[in-house]
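The values are calculated or read from the model by the stated rules, or taken from the named source; none is laboratory data. Every value quoted in this text rests on a predicted model; they were computed, and no experiment measured them. In this analysis, Cβ positions are derived from the backbone assuming ideal geometry, glycine residues included, and neighbour counts consider all displayed protein chains. Areas reflect the complete protein model, heavy atoms only, side chains present, ligands, DNA and RNA absent. Shrake-Rupley method; radii C 1.70, N 1.55, O 1.52, S 1.80 Å.
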Amino acid sequence: MENERKLTIARAMAESIAQEMRIDPTVFVMGEDIADLGGVFGNTRGLADEFGKERIRDTPISETGFIGAAVGAAQDGMRPVVELMFVDFFGVCFDAIYNLMAKNTYFSGGNFKVPMVLMTSTGGGYSDAGQHSQCLYGSFAHLPGMKVVSPSNAYDAKGLMTAAIRDNNPVIYMYHKGLQGMGWLGTEAGANVHVPEEAYEVEIGKAAIAREGRDVTIVSIAMGVHHALKAAKALEADGISAEVVDLRSLVPLDRETVRASVRKTGRLIVVDEDYQSYGVSGEIIATVCEASDISLKAPPRRIAYPDVPIPFARVMEQYCLPNADKVAAAARDICRSAVPA
């Protein structure tokens with residue numbers, strides 16, 4: 001590609017926020033360590049130098065306080081972007097998130113909009129244990145009133161952030177730590193892709209076909225998309241053609257793109273770093289099984305996190321996490337099996 005400009009997800013997020021702040025004085029950012037440090041995961045780096053600490057505001061360690069303040073600011077005409085540093089911290093501020101941010105438009109009969117973005121880090125794989133390593137996609141997607149997005153690459157990261165800031169609804173923007181491009185967390189090279197300099201939006205609620213295939217559909221989001229793509233590459237040696245669907249958005253959920261893919265392949269695997277039970281993997285499988293015009297060649301499979309707290313010990317955590325080998329093994333098995341008559 002001519003004039004290719006590859007960015008990390010962290011840089012793409014920061015670029016989107018900066019571009020929106022330049023054209024809209026109502027946009028500002030709040031959170032812990034987002035100004036001088038530039039965010040623990042790099043997604044606000046450089047913003048304080050350009051916009052100052054009135055618009056890039058470091059907060060005390062009081063998530064309930066500053067998320068509640070953001071709800072009020074949004075209802076008063078501002079467009080706050082607020083960081084909850086780890087999604088695992090949701091427990092201390094869930095009243096502000098769900099009983100205020102998500103519901104106040106409904107409670108007011110539409111008289112108040114809550115145009116705010118709550119960005120938060122997800123994911124494990126680096127031995128940070130049970131209070132800093134969860135994804136919790138299903139926890140947020142289950143509750144009405146909020147849009148929920150999670151990018152797998154830098155192009156989508158910028159476009160989804162721009163769309164989220166401009167949206168008049170509250171948006172939960174979940175970024176996976178392992179995809180941010182921070183060296184100490186490891187780097188997923190596939191997440192660093194070409195990103196245009198100009199502002200653009202990626203539609204919230206529209207999935208992408210990350211790879212076309214004919215034999216099995218693998219559906220995932222964020223880090224799981226990269227596991228799926230690596231598995232699809234490995235499956236080529238077995239003559240198995242895997243199609244990879246990147247959901248990009250959980251709310252709204254692009255059910256039709258998933259169904260269209262499975263209509264073609266007849267087989268479904270869902271990859272989810274969130275807990276297996278009551279989550280995204282089950283919702284995707286239900287989405288397919290509830291469609292009367294889809295004929296499955298084999299029972300659907302899910303590769304998800306077991307229903308246990310995330311362990312600190314590296315060998316135990318890696319045993320629990322989804323990976324490309326698990327996905328490929330499931331695909332080989334599903335392509336040999338058939339739905340019982």
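Here is how the numbers come out for the structure above:
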{"item": "Rounded accessible area per residue of region 283-341, 1.4 Å, Å²", "result": "58 Å²"}
{"item": "Where region 196-242 is the region considered: accessible area per residue in Å², 1.4 Å probe", "result": "43 Å²"}
{"item": "Within straight-line cross-link reach of residue 326, lysines at Cα separation under 25 Å, skipping those fewer than 8 residues along the same chain", "result": "177, 230, 233, 264, 297"}
{"item": "D_trans [Stokes-Einstein, Kirkwood Rh over alpha-carbon pairs] for region 206-341, 20 °C, 1.002 mPa s, µm² s⁻¹", "result": "145 µm²/s"}
{"item": "Compactness relative to 2.2 N^0.38 Å, alpha carbon Rg of region 132-235", "result": "1.12"}
{"item": "Electrostatic dipole magnitude of region 165-322 [Cβ: Lys, Arg +1; Asp, Glu -1; Cα centre; debye, to 20]", "result": "420 debye"}
{"item": "Solvent-accessible surface ranking, highest first, for 106, 275 at 1.4 angstrom", "result": "106, 275"}
{"item": "Global geometry of region 1-134, whether rounded, prolate or oblate, following the gyration tensor of its Cα atoms and the 1.5 cut on a/c", "result": "oblate"}
{"item": "With all protein chains modelled, accessible area of residue 132 [1.4 Å, Å²]", "result": "50 Å²"}
{"item": "Region 82-146: proportion of alpha-carbon pairs further apart than 20 angstrom, %", "result": "32 percent"}
{"item": "Surface accessible to a 1.4 Å probe, residue 198 within the full protein complex, Å²", "result": "110 Å²"}
{"item": "Calculated P(r) of the chain - Cα pairs past 38 Å, %", "result": "14 percent"}
{"item": "Lys, Arg +1 and Asp, Glu -1 on Cβ, resulting dipole of the chain about Cα centre, debye, nearest 20", "result": "820 debye"}
{"item": "For region 60-212, alpha-carbon Rg over 2.2 N^0.38 Å", "result": "1.06"}
{"item": "For residue 28, residues with placed amide H under 5 Å, excluding near neighbours", "result": "79, 81"}
{"item": "The chain, relative contact order in percent, only Cα pairs under 8 angstrom and at least six apart counted", "result": "16 percent"}
{"item": "³J(HN,Hα) computed for each position of region 309-318 - Karplus, 6.51 cos²θ - 1.76 cosθ + 1.60, integer Hz, glycine/proline x", "result": "x, 6, x, 6, 4, 4, 5, 6, 5, 5"}
{"item": "Taking only Cα atoms of region 184-264, radius of gyration then Dmax in Å", "result": "13.9, 42"}
{"item": "Surface share of carbon and sulfur [accessible, 1.4 angstrom probe, percent] for the chain", "result": "52 percent"}
{"item": "Surface accessible to a 1.4 Å probe, per residue, for the residues of region 1-132, Å²", "result": "43 Å²"}
{"item": "Partner aspartates and glutamates for residue 158 [C-alpha distance under 13 Å; skip if fewer than 8 residues away on the same chain]", "result": "15, 20, 197, 198, 201, 203"}
{"item": "Three-way shape call for region 162-216 based on the alpha-carbon gyration tensor, with the a/c threshold at 1.5", "result": "oblate"}
{"item": "Contact order relative to length of region 137-292, as percent, for alpha carbon pairs under 8 angstrom and 6 or more apart", "result": "26 percent"}
{"item": "Sparse-neighbour loop sites [chymotrypsin sites (Phe, Trp or Tyr not before Pro); region 165-257; at most 14 other C-beta within 10 Å; DSSP]", "result": "200"}
